[in-house]
Amino acid sequence: MENPVENAKRLAAFKAVDNHVVNGVIGIGSGSTVVYAVERLAQRVREEGLEVICVPSSFQAKQLIIQHGLKLGDLEMHPELKVTIDGADESDLQLTLIKGGGGCLTQEKILASCAEEFIVIADYRKASENLGEQWSKGIPVEVIPSAYRAVYQKIEKTLGGKSELRMSGSSKAGPVVTDNGNFILDWNFQTVMNWKDVETSLNMIPGVVENGLFVGMARKAYFGMSDGSVMERTVKANM
């Protein structure tokens, strides 16, 4: 019997690809749900003759594109994307997202910003009313390695909460290193805040490369549910 979480991921990913992908340049996000999006995209290319170029957000995304025989592109050649499809660690009712649990937040945010539409795919565990209800690991902040201690002290002094350097665990001694060669701090906030102000405040700290708050970027989200349905959330485009 299939794992209900994996089935929920597949349902959300397939529906998003079917509803939003047409011929053109597509941004491919990172994470476990994106695996199913690339699977469905490859099916449509084979069955429908869909013509797409895929721009990856990470090493993982690049390998998925190659493994499925899809056309690989990059932002240098294709700086404008038709749509970017990506997962999320958590989404609130306004589609404010926490992303970066997999360490790819900077590239993911760049791809989202370059797309006409940014579409989110996730399972039911990621859908919240407010950030912090489901995701308890904090907001990722990518930092220049030499500045990590100064940055986390400034975050705590400015915004409160607690920051920790993300460690690699048993597979590698030392901290997690991003595809960009940087470190990641996980900032655990204490309460619901004005997330746009927080996003700006974090990025204004010298040494911060980017943070995992995606505010006002997602147009629509698909959440695969445990009962086999797909819940959709939509927000109006920013004027």
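Of note:
- Residues located in the stretch 84-99, provided they are out of contact with any Lys or Arg (no Cβ under 9 Å at 6 or more places or on another chain) and over 11 Å from Ser128 (Cα atoms): Thr84, Ile85
- Any hit, the stretch 139-146, residues being without any contact (Cβ under 8 Å) to a residue 40 or more places away in the chain and either in the same structural domain as Val17 (by TED's automatic domain parsing) or not hydroxyl-bearing (Ser, Thr, Tyr) (or both): yes
- Annotation note: of Asp179, Asp227, the sole residue that is in contact with a helix residue (DSSP H, G or I) (Cβ under 6 Å, 6 or more places away or on another chain), of a type in the set (D, E, K, R) and assigned to a loop (DSSP other than H, G, I, E, B) is Asp179.
- When Met239, Met204 are checked against the criterion of being surrounded by fewer than 20 Cβ atoms within 10 Å (Cβ to Cβ), over 30 Å from Tyr36 (Cβ atoms) and at pLDDT below 95, a single residue qualifies: Met239.
- Subset of the stretch 68-90 that is in contact with a helix residue (DSSP H, G or I) (Cβ under 6 Å, 6 or more places away or on another chain) and small (Gly, Ala, Ser) - its residue that is nearest to Gly27 (Cα to Cα): Gly87
- Any hit, the stretch 130-139, residues being of a type outside the set (D, E, K, R) and not in a loop (DSSP other than H, G, I, E, B): yes
- Elements of the type strands (runs of 3 or more DSSP E) sitting completely within the stretch 7-87 and holding at least 1 residues that are among the acidic types (Asp, Glu) and in contact with an Asp or Glu (Cβ under 8 Å, 6 or more places away or on another chain): these cover 81-86.
The values are calculated or read from the model by the stated rules, or taken from the named source; none is laboratory data. Not measured: the values here are computed from a predicted model. Note that each Cβ is placed from the backbone with ideal geometry, even for glycine, and that neighbours are counted across all protein chains shown.
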